[in-house]
Structure formats: C-alpha cells, structure tokens
Amino acid sequence: MATRLRPKRSAELIGGSLYWIVKHRLVACQEITGFEDRNDGRLDIVCSAELKLIAPLPRRAHQGWRYFELDEASIEGDEGSGLGDLPSQLYSRLRELALV
C-alpha cells in the first residue's frame, strides 16, 4: 500500500497494526513491518501477509494517520453494545437512518 507522506512517528508504527475500515466498520488488521521509499516520491507501507479478522466495530471513515495509546486501541469487542453482531446490511440501514 502506498502513501504520499511518511508518518511523523513511523519508527513507532513498526510492529503496530494497520486497521481496515470497510463500509464504516472496522473489520481487519495487519501488522506493519516497515516503510520503503519509492522512485515516484511516495512511500510503501509494508504489512505482513496475515490479515487478522476482528469483530466488526462501527467506525467513522477518516483520512490520515490515527495514533492510539494501548488502552484506546482495544479491538476485543464492541463494548457490549451488540453492534458488531448485526448483519452488515442491517447495520448500514440503521446508520443511514442515524440510529447508530
């Protein structure tokens, strides 16, 4: 995966995780193994081949890097709300109606 700018805390990110948000749901993560410069001035984010699926958690879409402290980055569950257990289509419809 490529990005335009090197994250300010790139050295700290190695060994951390890159999280995937699909249709406003956090669904998976991959370990960041390094960063490599490209010839076109961009930067490759090198991730492990293993994609870890996680319980779907509602998240707003965003651009750019987000840094979390360990206690903020918990992905163990959906904090008892049950939103992660909803079928994808039902969750999307409830989100469109501003109910979640």
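Points to keep in mind about this one:
- Selected residue (criterion: modelled with the highest pLDDT) from residues of the range 78-99 that are polar (S, T, N, Q) and surrounded by fewer than 14 Cβ atoms within 10 Å (Cβ to Cβ): Q89
- With respect to the stated conditions, I75 fails to be of a type in the set (A, V, I, L, M, F, W, C), surrounded by 10 or more Cβ atoms within 10 Å (Cβ to Cβ), at pLDDT 75 or above and under 17 Å from the mean Cα position of the chain (by Cα).
- Leading residue by the ranking (surrounded by the most Cβ atoms within 10 Å (Cβ to Cβ)) among those in the range 1-57 that are among the charged types (D, E, K, R) and outside any loop (DSSP other than H, G, I, E, B): R25
- Of note, L70 does not satisfy the criterion of being among the aliphatic types (A, V, I, L, M) and modelled with pLDDT of 70 or more.
The values are calculated or read from the model by the stated rules, or taken from the named source; none is laboratory data. Predicted model only: the values in this text are computed from it and were never measured. Cβ: placed from backbone, ideal geometry, glycine included. Neighbour counts: every protein chain shown.
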